[in-house]
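*Asks:* Pasting in a structure now, in structure tokens, and then I'll have a few things to ask.
No value in this document is a laboratory result; all are computed from the given coordinates. Computed from a predicted structure; not experimentally measured. For neighbour counting, all protein chains shown are included, and Cβ atoms are generated from backbone atoms with ideal geometry for every residue, glycine included.
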Amino acid sequence: MNFLEERIVKDGVVKEGNVLKVDSFLNHQMDIKLLDQMGAEFRRRFAGRPINKILTIEASGIGIACVAAQHFDVPVVFAKKSQSINLDGEMYVAEVESFTHKCVNHVIVAKKFLNPDDHVLIIDDFLANGCALQGLIQIVQSAGATVEGIGIAIEKGFQSGGRIIRNLGFQLESLAIVDGMNAETGEIKFRDQSKMAAGSGCIEPKDGEICRSSTLD
Ligand code: 5GP
């Protein structure tokens, strides 16, 4: 087990409905030394990529992205979420469904903070169905910028997001991949990433797994 998997086993709580709570160290109270280790690991995994900006989404991604940014020496832009939006032409907007809140949000980034010269690392806390990520990818692409990679703290490997994003050809690095969890026993099963062959994510999503996500600008 790596350092994040060990911490998930120690302090994560499995809830009904395939929800993993990590609010004592990752996305409510934050263990900054852990976040720093995560930042160093992202730097190692994306070494050689010409990253000049990190993009994340409020709220939970911000802390992780900011600590990681110190390892890349780049600024962080976070996409804002809003239920309704006046389109004034100054914003990139994507529509994404929320796994945790079961609603549709608009995700917004001001055009002045993303441009075609940008080489972007996208960072977030969780990857489930990939709706949030697909919204962020679309925003980067709308700006004519390049997605250099995607760094995720915890991927839920039994949901379709990881497969969809890898099938799209992006370098997706998840520090922990949970392949199963049991709310009754609290047991969490991690994927052995050393055994992930190239292309192993290339499985078609099952019906109903695809999220709605579209950009408006
Ligand atoms: P997706 O868009 O990939 O379906 O979901 C990603 C977002 O949903 C993450 O940014 C995270 O906030 C939230 N999320 C998804 N699954 C979980 C979970 O098991 N636990 C927590 N705490 N958040 C989750």
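*Asks:* Given an 8 Å cut-off on Cα distances and at least 6 residues of separation, report the relative contact order of the chain as a percent.
*Replies:* Working: 443 pairs, mean separation 42.6, N = 217.
Relative contact order here is 20 percent.
*Asks:* Taking K80 as the anchor, which lysines have their alpha carbon closer than 29 Å to its alpha carbon, excluding any fewer than eight residues away along the same chain?
*Replies:* Candidates past the 8-residue exclusion: K15, K21, K33, K53, K102, K111, K112, K156.
*Asks:* Would you mind putting 63-70, 133-140, 33-40 in packing order, based on average other-beta-carbon counts within 10 Å, highest first?
*Replies:* By packing density, highest mean first, the sequence is 133-140, 63-70, 33-40.
*Asks:* Report the local net charge at K189: Lys and Arg +1, Asp and Glu -1, summed over other residues whose C-beta lies under 15 Å from its C-beta.
*Replies:* Values: positive: K156, R191, K195; negative: E5, E6, E155, D179, E184, E187, D192.
Here the charged neighbours net out to -4.
*Asks:* So, one more: From the Cα gyration tensor of segment 21-85, with a ≥ b ≥ c the square roots of its eigenvalues, which class applies: rounded if a/c is under 1.5, or else prolate if a/b is larger than b/c, or else oblate? All intermediate terms of the calculation are to be shown ahead of the outcome.
*Replies:* Values: a/c = 2.66, a/b = 1.18, b/c = 2.25.
In terms of gyration-tensor shape, oblate.
*Asks:* Fewest Cβ neighbours within 10 Å first, please rank M181, M196 accordingly.
*Replies:* Working: M181 21, M196 13.
Ranked by crowding around the Cβ, least crowded first: M196, M181.
*Asks:* Based on the Cβ-Cβ distance of V13 and E90, what FRET efficiency does E = 1/(1 + (r/R0)^6) give at R0 = 41 Å, to the nearest 0.05?
*Replies:* On the way: r = 41 Å, r/R0 = 1.00.
For R0 = 41 Å, the calculated efficiency reads 0.50.
*Asks:* Nearest 0.05, what FRET efficiency do Q193 and D36 give at R0 = 22 Å with Cβ-Cβ as r? Don't skip to the end; give the middle numbers.
*Replies:* On the way: r = 21 Å, r/R0 = 0.95.
Using R0 = 22 Å, I get an efficiency of 0.60.
*Asks:* Among DSSP bridges having both ends in the chain, what percentage is antiparallel? Round to the nearest 5. Could you put the intermediate results ahead of the total?
*Replies:* Working: 20 of 41 bridges.
So the antiparallel bridges amount to about 50 percent of the total.
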